[in-house]
Amino acid sequence: MTEAKFLGVRLEEDFLRMVEDTADEEHTDKTTALKQLIELGRKEFLLKKYLELYRMGRCSIDKAAQAVGLTLPEMMKKAADEGITSSETIEEYREGLRCLNGG
């Protein structure tokens, strides 16, 4: 486990209430609750960012999945849920699979 470092932060009342509510709901302390919220928020932030990059054709679906920390099928489902379709043909997809499998 990495060494923890202190970060002082001022939170508006609404944010503090979110942390306190999460701590109560999860039966944990406020520090742990804040860490959980930050981790979930970061993942959601990356998901939105990489779905948009994929939508614009600026990254591949597998790069997006890797950056977000999802499996390829999970990322494909997220893209489909957002109405994002691929311009890749089935033959291009199969060729990509052949390359991944060594030929």
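See the values below:
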| quantity | calculated |
| --- | --- |
| Residues (small (G, A, S) and within 9 Å of the chain's Cα centre (by Cα)) located in region 28-54 | G41 |
| Filtered residues of region 55-80 (kept if loosely packed, with under 13 Cβ neighbours inside 10 Å, modelled with pLDDT of 90 or more and more than 12 Å from the chain's Cα centre (by Cα)) | M56, R58, K77, A80 |
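For every residue, the table says whether it meets (1) within 17 Å of S86 (Cα to Cα); (2) hydrophobic (A, V, I, L, M, F, W, C); (3) assigned to a loop (DSSP other than H, G, I, E, B); (4) in contact with a Gly (Cβ under 7 Å, 6 or more places away or on another chain).
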| site | (1), (2), (3), (4) |
| --- | --- |
| M18 | no, yes, no, no |
| D24 | no, no, no, no |
| Q36 | no, no, no, no |
| R58 | yes, no, yes, no |
| M75 | yes, yes, no, no |
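The values are calculated or read from the model by the stated rules, or taken from the named source; none is laboratory data. Worth saying up front: this structure is predicted, and the values here are computed from it rather than measured. In this analysis, Cβ positions are derived from the backbone assuming ideal geometry, glycine residues included, and neighbour counts consider all displayed protein chains.
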